[in-house]
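**Student:** Before I ask anything, let me first share the structure, which is written out below as structure tokens.
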Amino acid sequence: MSLLGGIRPPITVLSVLLLALAGFTAVTLGSVREGRLPAAVLTSQQHFAEDGAVALRASLDESVTDLDRAAALFSTGKPVPPDAVLDKIGSVYQKWRGTAVVEISSGRLLAARGENLPLTAIDRTRLAGEGGLAPRMVKLSNGETRLLTLSLLSFKDQPQQLLVASSSLRFPGISLGNFRAIAVVGSDGTVLSNDGIPEPEMVLTDLQRADVKRDTKQLRSFAKTAAKRTKANPLTTKEPGSGGFPGVSGSLTGGEWGGERAAAGYARLAGPEPGVGTSATSLELTVVAMVNVAQNPARTSDAFAGLVLAGALLLVGALVVALLVGTVQRPLITLFLESRRLTRGDLTRPVSVPRGSEAARIAAALERLRGQLADQDAPPPAPSGRRKRRTGARTLLALCGILLLAWCVPLGLLVNRAGADVVVPQQLVNDQRERTDTLNDRIRRALNEGQADLQSVASLMGDDTPRQHMTAVLERTARQHLRYDSLYVLDAGGKVLAQAGGAPQATGAKGPRKEPIALHEGGNEPVVVATAQLPGDSGSAVVGELRIDFLNSLLKRPGLGEIRVVDSQHRVIASNNGYRAFEKLGDERLDALVEGSALKVGMAPRPGSVLYRSGGDHVIAAAAPFVGGGAAKPLDWTVVSWQSAKGLAIHEYSLQNRTVLAGLLGFAVGAACLGWLQIIVVAPLRELARRAEALADGDRRTVLYPRNHDEVGAVTRSLEIIRQQLQQQRKQAGGRASAPAGRN
């Protein structure tokens with residue numbers, strides 16, 4: 001017999017798999033445990049830290065790029081005094097705490113703005129070496145950490161100069177909400193900067209000072225642990241469960257105090273893609289976000305219920321296996337033995353005829369063939385009439401499938417269903433709001449940065465600037481910043497003077513727009529247009545059309561579900577998934593949430609979040625309007641996000657998912673094994689029954705070929721031998737009948 005053929009292997013495999021599934025059901029459904037802090041809350045803290053790492057990495061890299069680009073633009077033109085360089089940079093960018101220009105050969109300070117820079121920490125003799133201009137961290141005398149960014153100013157016939165800018169390791173636009181702290185941690189576990197924990201002298205009572213002291217100690221402990229866990233290379237490591245973050249991230253739990261437990265997420269700075277390093281990733285920084293979460297009573301699923309379901313599966317499986325063994329396996333093996341007996345010439349005993357199915361038809365045909373072999377002088381039998389219909393093997397397989405479905409279907413549709421009593425932690429709703437607000441700020445800052453880049457480009461142009469020089473500057477800017485789809489210079493009459501990138505879509509006869517950033521709706525997709533006026537009164541301006549794909553890429557954040565950027569009319573401008581431009585949100589509750597978040601609370605609108613039921617599921621939604629300065633504020637956009645709580649690691653949903661998984665596994669096991677039986681045994685057996693009856697009815701010409709080396713194939717070979725014996729018997733009978741006629 002073949003290894004995978006025959007009647008025994010599928011039934012044996014079915015028995016083993018059903019037994020394993022019963023054990024899986026008893027263990028998993030009886031031990032779904034939710035800790036005092038749900039896993040969904042810890043995962044949310046991990047995503048929060050990842051957001052901080054993405055924002056910090058983007059901010060640091062943007063600072064390096066902006067300084068390098070500004071230095072390159074100055075170096076391409078006529079020599080500019082150091083004070084003018086710093087004044088123009090300061091007027092365009094307000095991100096650096098201090099700037100300075102130093103003559104490299106002599107070390108003389110030529111100009112400075114803002115706070116005093118620790119220039120002695122820069123070794124001018126190593127600037128020409130590998131990594132000589134890389135960003136570096138220095139510690140000031142007051143204990144604060146500064147990041148120094150370096151770039152070169154090269155003017156013709158002048159000594160080379162070093163442009164230096166300092167910035168603090170603060171998070172740009174991270175919405176912390178209430179009672180959350182976030183920190184930047186060095187590779188040795190030292191907290192370099194933190195937000196969210198007030199200084200002891202800023203609080204009033206002794207209890208508040210004790211809380212500050214405890215939180216500071218806990219944050220330092222988390223920082224040490226996170227630094228150890230992120231020692232792996234962030235460019236090549238992707239921790240399972242991070243949901244797409246290209247670096248190392250995770251979550252931690254800390255001490256308990258007053259019914260609350262500290263929870264933290266950590267994430268190491270990583271490039272925008274796995275394996276892609278940036279200037280910021282070389283600093284080996286880690287972000288740690290900590291919050292105190294109210295604990296819930298620990299809950300565990302009922303172990304007895306899991307045992308009952310496993311026991312029911314064992315009973316169903318035993319009945320199915322017994323049915324298959326009694327009605328398919330044993331009759332087929334009996335046929336195999338009886339057919340072998342007839343081929344050996346043992347014709348004395350009648351053939352045992354099993355009850356029902358195709359095996360009974362084949363056994364009845366064997367019995368008729370036994371009589372034909374024993375009575376050698378009998379003429380070939382006439383084909384029999386209509387035979388009695390019997391219950392076939394296919395019906396038995398269908399009955400077995402129904403028995404298995406009777407166990408699988410209730411598990412998937414009825415048992416352990418999460419209903420209206422699902423407990424969604426409030427911390428998840430708060431995190432959805434704060435993360436949406438952080439994403440909103442990131443988009444607003446990206447638009448402001450785009451318009452600031454154009455201002456920097458426009459500051460180096462004038463009415464007398466040659467078009468070749470304009471084109472060169474625009475092409476260099478397009479290569480350095482992929483956010484632009486098209487860059488061009490428009491004069492007051494709307495004529496394109498220079499252009500780089502794709503074809504302009506937002507040009508008009510009225511000339512450049514007056515708004516720094518505006519939305520153009522003339523095409524099939526929205527076009528964000530940024531404008532920066534050239535110096536002078538000519539009315540010319542540098543215009544940049546931002547890619548919508550650039551905005552969409554900023555929305556790719558794990559753990560936030562569906563994300564949309566909508567305008568004041570609630571029309572979709574950008575999305576993290578497929579969408580139709582300018583379509584409506586299509587949900588009254590989301591529209592109401594957007595309208596509510598746009599209302600001013602105090603001096604400005606505030607982000608909002610809500611938990612509601614939709615279609616039987618809990619939905620967490622949040623909306624955050626554009627708030628803050630910059631050129632993008634007049635756009636009046638809002639970032640909306642929502643997700644179903646069903647996909648979160650909440651106790652009720654975890655139990656439901658495991659129950660559905662057990663039902664699906666049972667369905668898969670039954671379909672695979674019963675399908676195996678149908679293909680390997682039942683279908684060939686039905687064909688064999690038809691051939692055996694035809695042979696017993698007198699068909700001696702059709703050759704019977706065995707398809708497989710199994711029991712059905714063995715019975716087929718025996719029937720072929722019997723067919724050959726009957727042919728030989730008929731030839732011998734014809735010879736005896738012709739011999740007496742010849743003697744007469």
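**Student:** Going toward the positive end of the dipole of the chain, with +1 on Lys and Arg Cβ and -1 on Asp and Glu Cβ, which of GLY23, ALA452, ALA39 do you reach last?
**Tutor:** GLY23
**Student:** Another one. Where a Cα-Cα gap under 20 Å defines reach, which aspartates and glutamates qualify for LYS731, not counting those fewer than 8 residues away within the same chain?
**Tutor:** Once the sequence-local aspartates and glutamates are set aside, what remains near LYS731 is ASP375, ASP377, ASP697, ASP699, GLU720.
**Student:** Using the Karplus curve 6.51 cos²θ - 1.76 cosθ + 1.60 with θ = phi - 60°, what ³J(HN,Hα) values do you get for each residue of the range 211-228, in whole Hz, with x for Gly and Pro?
**Tutor:** Whole-Hz 3J(HN,Hα) from phi for the range 211-228: 5, 4, 5, 5, 5, 5, 5, 5, 5, 5, 5, 4, 5, 4, 5, 5, 4, 5.
**Student:** Calculate, for the chain, the solvent-accessible area per residue in square angstrom, rolling a 1.4 angstrom probe over the heavy atoms of the protein chains.
**Tutor:** 47 Å²
**Student:** How long are the three semi-axes of the equivalent ellipsoid for the range 616-741, computed from the Cα gyration tensor as the root of 5 times each eigenvalue, in whole Å, largest first?
**Tutor:** Semi-axes from the Cα gyration tensor: 78, 17, 9 Å.
**Student:** Now for a different question. Mind giving me the nanometre distance, one decimal, between the label points for ALA312 and PHE582, set 7 Å out from Cα along Cα→Cβ?
**Tutor:** The answer from the label model is 5.5 nm.
**Student:** Still on this model: Tell me, what is the FRET efficiency for VAL16 and THR205 to the nearest 0.05, using R0 = 51 angstrom and their Cβ-Cβ distance as r?
**Tutor:** Efficiency, from the Cβ-Cβ distance: 0.15.
**Student:** Here is a further query. Can you tell me the Rg and the Dmax, both Å, for the Cα atoms in the range 391-502?
**Tutor:** Radius of gyration, then largest Cα-Cα span, for the range 391-502: 31.7, 97 Å.
**Student:** Show which lysines lie in cross-link reach of LYS88 when reach means a straight Cα distance below 26 angstrom and same-chain residues fewer than eight apart are skipped.
**Tutor:** Here the lysines satisfying the reach criterion relative to LYS88 are LYS78, LYS156, LYS514, LYS633.
**Student:** Continuing with the same structure: Which distance in nm do the two modelled labels at SER644 and SER538 give, with both placed 7 Å along the Cα-to-Cβ direction?
**Tutor:** According to this spin-label approximation, the distance is 5.8 nm.
**Student:** Hey, if you drop one equal point scatterer on each alpha-carbon of the range 13-165 and run the Debye formula without solvent, what base-10 log of I(q)/I(0) do you get at q = 0.13, 0.15, 0.19, 0.21 Å⁻¹?
**Tutor:** Result of the Debye calculation: -0.69, -0.86, -1.18, -1.35.
**Student:** Please report the antiparallel percentage of the DSSP beta bridges confined to the range 435-561, to the nearest 5.
**Tutor:** Taking every DSSP beta bridge within the range 435-561, about 100 percent pair in antiparallel fashion.
**Student:** Positive end of the charge dipole of the chain (Lys, Arg +1 and Asp, Glu -1 on Cβ, about the Cα centre): tell me which of SER187, GLN161, PRO172 has its Cα farthest that way.
**Tutor:** It is SER187.
**Student:** Taking θ as phi - 60°, what are the ³J(HN,Hα) couplings along the range 491-498 by the Karplus curve (6.51, -1.76, 1.60), each to the nearest whole Hz, with x for Gly and Pro?
**Tutor:** With the stated coefficients, the range 491-498 comes to 8, 5, x, x, 7, 7, 8, 8 Hz.
**Student:** Moving on. Between ALA420 and VAL276, what is 0.36 nm times their sequence separation minus the Cα-Cα distance? Round to one decimal in nm.
**Tutor:** Between ALA420 and VAL276, full extension yields an extra 47.3 nm.
**Student:** Right, here's the next one. Divide by every residue of the chain the summed helix terms, -39500 (n - 2.57) for each DSSP H run of at least 4, and state the resulting mean residue ellipticity at 222 nm, rounded to the nearest 500 deg cm²/dmol.
**Tutor:** That calculation yields -14500 deg cm²/dmol at 222 nm.
**Student:** Here's another thing I want to ask about it. Which of the aspartates and glutamates could be linked to LYS213 by a straight reach, that is with a Cα gap under 13 Å, when you skip same-chain ones fewer than 8 residues away?
**Tutor:** The reachable aspartates and glutamates, counting only those whose Cα sits under 13 Å from LYS213, are GLU199, GLU201.
**Student:** Something else: To the nearest 20 Debye, how big is the dipole of the chain about its Cα centre, given +1 on the beta carbon of each Lys and Arg and -1 on that of each Asp and Glu?
**Tutor:** Result for the chain is approximately 4240 debye, rounded to the nearest 20.
**Student:** Taking the chain as the reference, fit the longest principal axis to its C-alpha atoms, fit the long axis of helix 357-374 to the helix C-alpha atoms, and give the angle between the two in degrees, 0 to 90, nearest 10.
**Tutor:** 30 degrees
**Student:** With contacts defined as alpha carbon pairs under 8 Å and 6 or more residues apart, what's the relative contact order of the chain in percent?
**Tutor:** Here the relative contact order equals 17 percent.
**Student:** Between GLU583 and residues 5 or more places away or on another chain, which pairs have amide H atoms under 5 Å apart, with H built 1.01 Å from N, and which residues are they?
**Tutor:** Under 5 Å from the amide H of GLU583: VAL572.
**Student:** Report Rg/Rh for the range 154-224, rounded to two decimals, where Rg is the Cα radius of gyration and Rh the Kirkwood radius.
**Tutor:** Taking Rg over the Kirkwood Rh, I get 1.25.
**Student:** Further question on the same structure: How big is the gap, in Å, between the Cα center of the range 637-673 and the Cα center of the range 522-587?
**Tutor:** Cα centroid of the range 637-673 versus Cα centroid of the range 522-587: 34 Å apart.
**Student:** Another question about this same structure. What part of the accessible area of the chain, given as a whole %, is carbon or sulfur when the probe is 1.4 angstrom?
**Tutor:** 54 percent
**Student:** So how much slack lies between GLN468 and LYS213, counting 0.36 nm per residue of separation and subtracting their Cα-Cα distance, in nm?
**Tutor:** That works out to 85.6 nm of additional length.
**Student:** Between LEU664 and ASP188, what is the spin-label point distance in nm, taking each point 7 Å from the Cα along the Cα→C-beta axis?
**Tutor:** So the label points at LEU664 and ASP188 sit 5.0 nm apart.
**Student:** OK, next. Which FRET efficiency value, to the nearest 0.05, do you get for LEU482 and ASP123 by plugging their Cβ-Cβ distance into 1/(1 + (r/R0)^6) with R0 = 35 Å?
**Tutor:** It comes to 0.55.
**Student:** So how tilted is helix 303-324 from the main axis of the chain? Cα-based, degrees 0 to 90, rounded to 10.
**Tutor:** So the helix axis and the longest Cα principal axis differ by about 40 degrees.
**Student:** Something else now. FRET efficiency for SER141 and LYS224, Cβ-Cβ distance as r, R0 = 30 Å, nearest 0.05?
**Tutor:** After rounding, the FRET efficiency stands at 0.75.
**Student:** Still on this structure, please answer the following. When all alpha-carbon pairs of the chain are counted, what percent fall beyond 53 Å?
**Tutor:** Here the long-distance tail beyond 53 Å is 39 percent of all Cα pairs in the chain.
**Student:** Extension gain GLN728-LEU323, at 0.36 nm per residue separation less the Cα-Cα distance, in nm?
**Tutor:** 141.7 nm is the gain from fully extending GLN728 to LEU323.
The values are calculated or read from the model by the stated rules, or taken from the named source; none is laboratory data. Not measured: the values here are computed from a predicted model. When we count neighbours, we look across all protein chains shown, and the Cβ atoms used for this are built from the backbone with ideal geometry, even at glycine. Accessible surface areas use protein heavy atoms only, side chains included; no ligands, DNA or RNA. Shrake-Rupley method; radii C 1.70, N 1.55, O 1.52, S 1.80 Å.
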